[in-house]
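Take a look at the structure set out below.
Values quoted throughout were computed directly from the atomic coordinates according to the rules given, and no laboratory measurement underlies them. Just so you know, these numbers come straight off a predicted model, no measurement behind them. Cβ placement follows ideal geometry from the backbone for every residue including glycine, while neighbour counts extend to all protein chains displayed.
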Amino acid sequence: MIKTIKEYAKLERSMVNLITVEFFVQMINVSFITILPLYMKAEGYSDSQFAHFTSYRYLGMLTLALFLGMYIKNRKILPLFYFASIGVPLFALMILIGVQIHSNILLLISHLLWGTAYTFVQIPILPYILRNAPKHQHTLAITLNFATWSIASIAGSLIIGILNGIDKNLFSERNLLFGIVLMGFAGVYFVSQVNKQEYVPAITTAKRNSIKEYDWKIILRALVPTTIIATGAGFTIPFMSLFFRNVHNMSTSTFSFLNSITAVLVTLVAIYIPKIKERFGYQKAIPNTQLIAIVALVIMATTQYYSDLSIAIYIAGLFYLLRQPFMSAAVPMTSELTMKYVGEGNREMVSALTSAIWSGSAYFSAIGFGILRHLDVEYVNIFLITGGLYIVGVFWYSLLIRDYNKREKAGLIMH
C-alpha cells in the first residue's frame, strides 16, 4: 500500500492543487446529499418537494453542459475553475437561506445557479488532466480526482457525525451545512496555486465550435452505457439518507458515520484502481465490480420488506457499505475507457455530454422519484428500478469494452 501511495505522491504539485479544488467542491456536494434533505424535512418540506428543488440543480448543469463542452475545445480551461470555486459555495449559501426563510423562488434560482457553477469544474477537469498531466500519470490523476468524492465524504461525514453527536442543537443540520459551505471558499486559494503553464491544443479546423467536426457515431456509442447507469443512479443516490431515515429510522449522526466508513472503503479501493486495471483489464474489472454492487443494492433495498425486524437495519447498513466501493471502483476505469475510445478530438464534447447525461438523468429521475413518492411507491420498488437499469448498463459496457479491444488491436486507439 505504501508503494502505491508513493506513486500518487509523484503527481505534479499543480495537478494536486487543482484536484484539491475539486475536493472542496465535493465537500459541499457531499454535505448537501447527506443532510440537506434532513434539514429540509425538519423545516417542513416533503420528500417530493426536496426532489423538486433538487431537480433544478441538475437542470442548471444540463443547460450549460453542451455549450461549455464546445467552448473549452482549444481554449484555456484554468480560468473556469475560479468561477466554480466561488460560485458553488456562494449559491449553496443562497440555498440554505432559501430553506431558512421558506422562499421557493430563492430555492429554485439558487439550485439552478449552483448547478451551473458546479458544471464549471465537472466538465473541464478531466480534459484538463488529459491535456496537462504526463501520459504515464493519467490513470493516477483521474483516480485521485475521482477519489475526492470519497475523501470529501470521509471528512464531511466525520465532521457531521462527531459534531452532531456532541450537541444536536448547536451542531444541527442547518449549522453544519453553513459551516461546511463557508469552508468551501478555500478552493479559491488552491486555484491560484495551479501555476503550471497550461497546454492548449492547436486549432485543427477553421470552425472551432462546429458540430460537424466531431465523430458522433463513436461518441454516441460510447455514451449509451453512461446514460443507462446515470438514469438508474438518479433514482437512488440523492435519496439514500431518506431511505435510512424513513425506513430504518436511522439518526443523522449514525448515517454520517456509515457514510464515513463507506467513504474510507471507497478511498482504499480507489488507491488500488490502477493496479486492478493493470491486472484484470477493462474486460473483467469493470463488469465484475458493477455486478457485485448491483447485488448489494438489491439486498439493501429489500430490507424494507422486513424493516420491522431489528436485524434489518444492520443488513441494510452492511450492504450499503459494500455497494458504494464496488460501484465506484468502475467509474475511473469507465471514464478513462470512454475518453480513450472516442479519441483526443472528441474528449471535450464527451466530457460535456457525460455531465449533461448525469445532470439530465438526475433531473428527470429526481422528478420521477418525487412523483413516485407522492404516489406512495415504496423505496424498495424505486431502488429495484435502479438495479434493473444498472444490469442493462453493465451489459452495454461489456459490448463497449469488446469494441474498444478490437479498435485497439486495429491501431485505432491512441494512448
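Here is how the number arises for the chain: DSSP H runs of 4 or more residues each give -39500 (n - 2.57), the sum is divided by the residue count, and the result at 222 nm is -27000 deg cm²/dmol. Helix 78-101 and the long axis of the chain differ in direction by around 10°, with both axes built from C-alpha atoms. Compared with the dominant principal axis of the Cα atoms in the chain, helix 138-166 is inclined by about 20°. As a calculated quantity, the FRET efficiency between Tyr199 and Leu170 at R0 = 51 Å, using C-beta atoms, amounts to about 0.60. Charged neighbours of Tyr128, selected by a Cβ distance under 13 Å, balance to +2 (K, R count +1; D, E count -1). Taking the alpha-carbon centroid of each part, what is the distance from the stretch 322-390 to the stretch 54-121 in angstrom? After rounding, the separation between the Cα centres reads 19 Å. For the stretch 1-151, the relative contact order works out to 37 percent when only alpha carbon pairs closer than 8 Å and six or more residues apart are counted. When the C-alpha to C-alpha distance is required to be over 20 Å, the pairs from Lys3/Lys275; Lys196/Lys277; Lys10/Lys275 that qualify are Lys196/Lys277.
Potential lengthening of the chain between Tyr8 and Ser251 amounts to 83.9 nm, from the contour at 0.36 nm per residue minus the alpha-carbon distance. Under the convention that each Lys and Arg Cβ holds +1 and each Asp and Glu Cβ holds -1, the size of the dipole of the chain around its Cα centre is about 1360 debye. What aspartates and glutamates does Lys73 reach when the alpha-carbon gap must be under 18 Å and sequence neighbours fewer than 8 apart in one chain are set aside? Here the aspartates and glutamates satisfying the reach criterion relative to Lys73 are Glu198, Glu213, Asp215, Glu344, Glu348. The label-point distance for Arg407 and Arg279, in a model that sets each label 7 Å from Cα toward Cβ, rounds to 2.8 nm. Listed by chain and number, the aspartates and glutamates whose alpha-carbon sits under 18 Å from that of Lys284, ignoring those within fewer than 8 places in the same chain, are Glu336, Asp403, Glu408.
Partner aspartates and glutamates whose Cα lies under 17 Å from the Cα of Lys168, excluding those fewer than 8 positions away in the same chain, are identified as Glu43. For the chain, take the longest principal axis of its alpha carbons; what is the angle in degrees between that and the long axis of helix 252-271, to the nearest 10 within 0 to 90? On a 0 to 90 degree scale, this one is about 20. The fewest-to-most ranking of Val21, Val200 by surrounding Cβ atoms within 10 Å reads Val200, Val21. Between Ile276, Ile95, Ile286, the Gaussian network model of the chain with springs among Cα atoms under 10 angstrom shows the greatest mean-square fluctuation at Ile276.
Summing charges over neighbours of His52, with a neighbour being any other residue whose Cβ is under 15 Å away from its Cβ, gives +1 when K and R count +1 and D and E count -1. For the chain, the relative contact order works out to 28 percent when only alpha carbon pairs closer than 8 Å and six or more residues apart are counted.
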